[in-house]
Amino acid sequence: MVAWNMLSASLSRVPLRLLDFVLPPRCAGCGSGVAESGALCSACWRAIEFLGPPSCPRCAYPFEFEVSQETLCAGCLSRPPVYDRARAVLRYDNGSRGMLLAFKHADRTDLAPLFGRWLARAGSDLLAEADLVAPVPLHWTRLWRRRYNQAALLAQRVAAEAGRPFHPDILIRRKRTQPQKSGFAARRRNVAGAFSVPARRRPAIEGRRILLIDDVRTTGATLDGCARALKTAGAEGVDVLTLALVVRPPRVVP
Ligand SMILES: [Zn+2]
Ligand SMILES: [Zn+2]
């Protein structure tokens, strides 16, 4: 697998059809053979739980029963997020974890077109109102080590699918946050002041509605940190669209 990844990375500039000949296409989830690059086998496809209504209109938390469209989840009523609205394609669980990690860490960048199409469909209402699309940034040390920002690959694809402007550089990550922090309060402290808008990029966001893209939303603290920086710099609104959502009971502040 490691050797395959290294070979795959070194061949990343070879045209896809030629690549299929050299390296048989592999399923994103389990690594078994599939007909074309950037696809899932039928077993992995069935294991994915796609999210949709009924759900909280602010944070996309899935509801068990049909409710009126304006009904917020307990977490959003208790402590509304800084971003305005969120959508997510699928649930982060045993069925989706493998392909998400492969995309993030194992050079499976060939999955970006598939994920981009999923995101464009799940976020079509947000995209219709977005003035521009931007990724959650990586700290430069992490980008240097990982070589690509998975959120930027997704944002670029979504922007192209929907015909919206792609702005990869309106946010910078000033602090190298610790990924292992768990719990909303710890994560919020962890990302406090971590993001900022460079002065030269302010004119691009003032009065604009921005759609932020990331691969996974866990507590939402990172996306809230980004949304706070953008709104402080003059953005009119910030929505968020992620590939996966970690579904936990809503956090309620006593
Ligand atoms: Zn599979
Ligand atoms: Zn909610």
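The values are calculated or read from the model by the stated rules, or taken from the named source; none is laboratory data. None of the values given here were measured: they were computed from a predicted structure. Note that we place each Cβ from the backbone using ideal geometry, even for glycine, and neighbour counts take in every protein chain shown. Ligands, DNA and RNA are stripped out before the accessible areas are found, and what is left, the full protein with its side chains, is counted by its heavy atoms. Shrake-Rupley method; radii C 1.70, N 1.55, O 1.52, S 1.80 Å.
Where the alpha-carbon atoms of the chain are placed on the principal axes, they occupy 55, 47, 35 Å, in descending order.
FRET efficiency for Glu64 and Ile172, Cβ-Cβ distance as r, R0 = 30 Å, nearest 0.05? The calculated FRET efficiency here is 0.15. Measuring with a 1.4 angstrom probe and ignoring ligands and nucleic acids, Ser196 comes out at about 20 Å² accessible. For a Förster distance of 22 Å, can you work out the FRET efficiency between the beta-carbons of Arg145 and Arg97, rounded to the nearest 0.05? Given R0 = 22 Å and the Cβ-Cβ separation, E is 0.55.
A Förster radius of 22 Å combined with the Cβ-Cβ distance from Arg209 to Arg121 puts the calculated FRET efficiency at roughly 0.65. Relative to the longest principal axis of the Cα atoms of the chain, the long axis of helix 221-232 makes an angle of roughly 60 degrees.
Here the Karplus curve 6.51 cos²θ - 1.76 cosθ + 1.60, taken at θ = phi - 60°, turns the phi angles of segment 190-202 into couplings of 4, 9, 4, x, 6, 10, 8, 9, x, 3, 5, 9, 4 Hz, with x standing for Gly and Pro. Per the Debye calculation on segment 108-161 with a single equal scatterer at every Cα and no solvent contribution, log₁₀ I(q)/I(0) for q = 0.26 Å⁻¹ amounts to -1.00.
Stokes-Einstein, applied to the Kirkwood radius of segment 41-91 over Cα pairs at a viscosity of 0.890 mPa s and 25 °C, places its translational diffusion at 203 µm² s⁻¹. For the chain, the solvent-accessible area works out to 51 Å² per residue, with a probe of 1.4 Å and every protein chain left in place. Of the GluC sites (Glu not before Pro) found in segment 29-137, the ones in coil according to DSSP and having at most 16 other Cβ atoms within 10 Å of their Cβ are Glu36, Glu49, Glu64, Glu66, Glu70. Considering only beta bridges that DSSP places wholly inside the chain, some 20 percent are antiparallel.
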